[in-house]
1. Please determine, in degrees from 0 to 90 and to the nearest 10, the orientation of helix B:10-30 with respect to the longest principal axis defined by the Cα atoms of chain B, where the helix direction is its Cα long axis.
2. Just in region B:48-102: which chymotrypsin sites (Phe, Trp or Tyr not before Pro) are loop by DSSP and have at most 16 other Cβ atoms within 10 Å?
3. When the C-alpha atoms of chain B are aligned to their principal axes, what extent does each axis show, in angstrom, from largest down?
4. Taking the Cα-to-Cβ direction at residue B:4 and at residue A:187 and moving 7 Å from each Cα, how far apart do the two end points lie in nm?
5. At 1.4 Å probe size, with every protein chain present, just tell me what the per residue accessible area of region B:52-177 comes to in Å².
6. In degrees between 0 and 90, to the nearest 10, how far off the longest principal axis of chain B does helix B:111-121 point, with axes built from Cα atoms?
7. What FRET efficiency, computed as 1/(1 + (r/R0)^6) with R0 = 41 Å and r the Cβ-Cβ distance, is obtained for residue A:10 and residue B:52, rounded to the nearest 0.05?
8. Treating the angle as unsigned and between 0 and 90°, give the value, to the nearest 10°, between the Cα long axis of helix B:83-97 and the longest Cα principal axis of chain B.
Amino acid sequence: MKKHPLLMVFYFLASFFASVCMANEGKNLSLLTAEPLVNVEIASELLKFENELERKMYYQLIQDLRCPKCQNQNLADSDAPIANDLRNEIYQLVKEGYTSSEVEKYMETRYGQFVRYAPAVSSATAVLWMLPAALIILGLFIILGILKRNRSFANDFGKDFDDGFHDDKNQHTFDRKSAEDVDRRVTELLHSSSEDQQ
Amino acid sequence: MMHDRIKLFIPLLIFFLLVAVFFLLQNRMVTGEYDPSELPSALIGKKVPEFSLTTLGDDTVVKTRDDLVGKAALLNVWATWCISCRVEHAYLNQLAERGITVYGLNYKDDRLEANRWLERLGNPYQFNLFDSEGILGLHLGVYGAPETYVLDRKGVIRYRHVGVLNQNIWESKVLPLGLNW
């Protein structure tokens, strides 16, 4: 089967967009995380906020901060007691008028960079930040390599093509030669057999 | 042609390489040398956060962080609902017998239950801070029990161990800190 280079570029871009979409999915708490959010939503009916801004800020924070116990769940998702404590703490801080970045800083000084889903770039998190870009660049180079190889491959063969027909000259002459051979042998046989009869 | 044949084995080689990596990691996890879920404390090199808590034994006695200063010590986070803490308790008793200073942080627990536990299993602690709301726990970055903070004589956190403290951890992690016990 012939792999079309453009198709590969398409696959590459499609998988890239898919991963970006999935990353956003996690952030926005849609399908995958719908159920836990419902629970939080119910619990938060009891949470009173001064204004809509504070409410939004609270929800953004519990989505962006990570539970130290149930690692890979954010505070909104996690059922761990510590997540509950941290949600309460964030609620209090929001009510006391802390800004988002202040709350994040507050959590970070206690639980470390780990609580942030988007930690600051440092020697420890460099791989986390750089790897996706590095992989994209690597992927582009691989695709370029494949494209280049395919082209030179086609060029090498192209020397032997006279036109659009995939017909090799040598093959052609060989066929003609062998056909003539067969022709000759058949005639000889016919002749010899007729000579025998005589 | 031969070259292409050999190329076919590359995925197999990668597979074996991965098997080897996972096997070694697994081994290190079994021995407790490597724990992927362990978080380094954000407070290493910092003083214990300020607090004002009553003791477990007497709810009229209030302690602050100045009461932890003066000697290298362990601050052990525990609770009666914590099964691993029970496992750990015997070793804490041993350390206390050897003259090591151990403070307790009774974390989100019931005062009566906790006192009963100490009567039954022995009390290795100089005193216990009673943190029923987990306030100091939160400032310390506690995310479960047991956890043990190693403090130097100035009350600076030098190391935090998550999980059961035992002889192995004591020798490999705590003693190398070179504190004067």
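The values are calculated or read from the model by the stated rules, or taken from the named source; none is laboratory data. Note that this is a predicted model, so its numbers are computed, not measured. Ideal geometry is used to build each Cβ from the backbone, glycine not excepted, and the neighbour counts take in all protein chains shown. Just so you know, the surface numbers come from the protein's heavy atoms only, side chains and all, with ligands and any DNA or RNA stripped out. Shrake-Rupley method; radii C 1.70, N 1.55, O 1.52, S 1.80 Å.
1. For helix B:10-30, the angle is close to 20 degrees.
2. Values: sites: B:51, B:78, B:81, B:91; in loops: B:51, B:81.
Passing both the DSSP loop test and the Cβ count: B:81.
3. Principal axes ranked by extent give 86, 32, 30 Å for the Cα atoms.
4. Each label point lies 7 Å from its Cα, and together they span 4.2 nm.
5. Values: 5370 Å² over 126 residues.
Value for region B:52-177: 43 Å² per residue.
6. Tilt relative to chain B: about 80 degrees.
7. Values: r = 64 Å, r/R0 = 1.55.
E(calc), rounded to 0.05, equals 0.05.
8. Helix B:83-97 sits roughly 60 degrees off the main axis of chain B.
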